[in-house]
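Worksheet: one structure, shown below.
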Amino acid sequence: MAKADGEIVIKKYANRRLYNTGTSTYVTLEDLAKMVKKGEDFVVQDAKSGEDITHSVLTQIIFEQESKTGNTLLPISFLRQLISYYGDQMQMVVPSFLEHSMKAFTEQQTQMREQMTKAFGDHPLSKNLQMPIQLMEEQVKRNTEMFQQAMQMFSPFLGGQQPVKETKKAEAKDIDELKEQLRSLQNKLDNL
């Protein structure tokens, strides 16, 4: 079976080689990462048993991406929190929450790009970037608040305000990093 419901079937052999049945070629984890970024659907099956091993292969791709670059998407505090939910009664809720959060983040990112395009379209490149900085700060703040509220729903018995304090520190750090990136961008634009 080469395709199932429009999805490409990738076969993983005992020698760890991956075979794309849609293109009849061997592929690497990097190739699969590129397919994900293009929005191509695929299923990875164990070639011998036919078992669906997509989850473990995608996790492998994330691990490889995290270790290959110095820029990690998964902060240690997030990983610790995620690990703490294994075996917990909230384990069943976390996947749908994360999926919903990523969908909302993607939608907000699209809106942010549209706002940035409007902001840069309405203003010459040499003008101050204060408006886009404010938009980014507001977006980061909304995302952080949404995550805090969700985590408090999942962990109502956390002691005191410690997670909120840590989150506020992380939020301030994220905002500072965004400001610095935009200042750097402004300097580059000024030099042009």
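Bear in mind these aren't lab numbers, they're just calculated from the coordinates by the rules spelled out. The structure presented is a predicted model; accordingly, all values stated were derived computationally and were not measured. When we count neighbours, we look across all protein chains shown, and the Cβ atoms used for this are built from the backbone with ideal geometry, even at glycine.
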Per-pair calculated FRET efficiency, R0 = 25 Å: ILE83 and LEU29 via Cβ, rounded to 0.05: 0.60
Cα gyration tensor category, rounded, prolate or oblate, for the range 1-63 with a/c compared to 1.5: rounded
Gyration tensor verdict on the range 46-103 (Cα atoms; rounded if a/c is under 1.5, prolate if a/b is larger than b/c, oblate otherwise): oblate
Members of LYS38/LYS188; LYS48/LYS103; LYS68/LYS118; LYS118/LYS188 lying beyond 28 Å, as alpha-carbon distances in this model show: LYS38/LYS188; LYS48/LYS103; LYS68/LYS118
